[in-house]
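For reference, the structure is listed below as structure tokens.
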Amino acid sequence: MAAKEIVVSSPGKVILHGEHSVVYGKLALAVCINLRTKVQIRPLPAQPGNLKLHFPDLKSSYTFSVDALTALKPQESQRFRHTTFSEIWLAHSHLVAQLKTFVTSLYPHRSDDQGIIAFLFLLLVQSRKPIDPMEVTVTSEIPIGAGLGSSAAYSVAIAGALHRLNYPHRKGSLTRNSLLDQENNNHAGLKTLQTNGVKKQKLEARISLRPNVSTPNTSLVENFSSTAQEEICQWAFLAEKILHGNPSGIDNSVCTFGGLLSYQSSSGKTPLKAPDNLRILLINTRVSRNTKALVERVRSKVYEFPKVTNCILEAMDKVSHHCLDTLTQLRKLSQVLVPLRGLESGYGSETSGSSCNESSEDSDPNNDDEQEQLFRKLEVLIDTNQGLLSALGVSHPTLDRIQAIAGKQNLHAKLTGAGGGGFAFALITPSHTPKQVKIVREEMESNGFDCWETVIGGAGVQIHNAD
């Protein structure tokens, strides 16, 4: 095992458009967010020879004997003669039941924790080296069970950390990135988020009030190579199968590659680049929802009123396509626009008295106008899709309230994920001032909603290195 520690992180995600309609073959758009899950691996002394797993957010820890795990590891002659990940899964999926029995024998009251099973499965099947004593710590800023990709971020982060463990000498590209360094981020504070998952755990999530701008304190971040990313994505998909049974592959893909991902059952997944510094407010309604029941509700409507619902689903598909085209145009435009003055100095300052879209004197007014028009299109598409989702019966009075609060300051919001409560997001455009965003946040929180700002479309899975 490598002598120094390994730290790998992966982002969460939101669905921009395509909730529910993707089930019926329509286009869906997902994008990563800068709330991340981090996996840290540290070597331990050879004696007593243990693997320790720590989940401080969940206040739980596990200890396993390295010798006991090694006894469960597939024989070398069987492990890598399979050429595809489908073959790997078919050959080794029986390990899932074995590992569940193994964990239950040691921790009888935690037998339902599939996350542990997923980690041990990847450790035994993915590793090309003997299992050495190690300490693994998993921390996360992503609420559990809230539709923000917490399980996919976990799957990708553990797959990435184990990949680094197996191939310590494979090098990717290095970059400096203050946003991903959890110790050096410019945080406004800590917000305790009440998640809506089965575990009902309270997680600490840091709130960044700034987009990705350079600061004096940065960490050295290494990007995995494209080949490594593909491998990590596939391993994470196997972990997702353990966690969810039949995942679509959207979540683990966007958490691996970052940026923007389009998905359609007929054409598969396409990773894309998102415009720089695209910002949203994430809002937790704190209303629990049953994803399976909501999917069935839509299915019943589609079955009972096919002519009506087909029109709604087609309209949702067109919203996704228009949004993808608009984001593509915004990205091309962002490559020629002069950086916004608000991003260079004093963003978020209550005393600056200037809008965050105030551009430099050399910026082209025509480009500024075009950018404003493109953001306006995104706002119209958000409103349209929220109306269509409401027509399918997956909205909720709290989501209507969120729309109304955001609308007072000309922000446009919609649900993300299954609906029926859960999470919503509101788009922040360059025309919105810090004061407007602050007012919306304060009113959201006064109404009992958790609310924080995040940048979307950033980096996927990454390695964190000390300078």
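The values are calculated or read from the model by the stated rules, or taken from the named source; none is laboratory data. None of these values were measured; they are calculated from a predicted model. Methodologically, a virtual Cβ is constructed for each residue, glycine included, from the backbone with ideal geometry; neighbour enumeration extends over all protein chains shown. Just so you know, the surface numbers come from the protein's heavy atoms only, side chains and all, with ligands and any DNA or RNA stripped out. Shrake-Rupley method; radii C 1.70, N 1.55, O 1.52, S 1.80 Å.
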Calculate the FRET efficiency for SER65 and GLN373 from the Cβ-Cβ distance with a Förster distance of 56 Å, rounded to the nearest 0.05.
0.35
Expressed in nm to one decimal, what extension gain is obtained for the pair LYS129 and THR328 from 0.36 nm per residue of sequence separation less their Cα-Cα distance?
67.3 nm
In the neighborhood of LEU272, defined by Cβ-to-Cβ distances under 13 Å, what is the net charge if each Lys or Arg adds +1 and each Asp or Glu adds -1?
+3
From phi via Karplus (6.51, -1.76, 1.60), per-residue ³J(HN,Hα) for region 221-227 in Hz, x at Gly/Pro:
10, 10, 8, 5, 5, 4, 5
Find the centroid of the Cα atoms in region 109-155 and in region 28-45, then give the distance between the two in whole Å.
11 Å
Estimate the FRET efficiency between GLU445 and VAL308 by the formula 1/(1 + (r/R0)^6), using the beta-carbon distance for r and 30 Å for R0, to the nearest 0.05.
0.20
Find the accessible area per residue for region 1-134; the probe is 1.4 Å, ligands and nucleic acids are left out, and the unit is Å².
43 Å²
Among PRO306, SER248, VAL287, the residue whose Cα sits farthest towards the positive end of the charge dipole of region 236-323 (+1 at Cβ of Lys and Arg, -1 at Cβ of Asp and Glu, taken about the Cα centre) is VAL287
Rank these by accessible area, largest first, 1.4 Å probe: LYS129, LYS4.
LYS4, LYS129
Sum of side-chain charges, LEU51 neighbourhood, beta-carbon under 9 Å (Lys, Arg +1; Asp, Glu -1)
-1
Among 148-155, 276-283, the order from most to least packed when residues are scored by Cβ within 10 Å on average:
148-155, 276-283
Beyond a 24 Å Cα-Cα separation, which of these cross-linked pairs lie in this structure: LYS73/LYS269; LYS52/LYS73; LYS100/LYS241; LYS38/LYS292; LYS4/LYS100; LYS26/LYS307?
LYS73/LYS269; LYS38/LYS292; LYS4/LYS100
Using a Förster distance of 51 angstrom, determine the FRET efficiency expected from the C-beta separation of GLU296 and LYS4, and round it to 0.05.
0.55
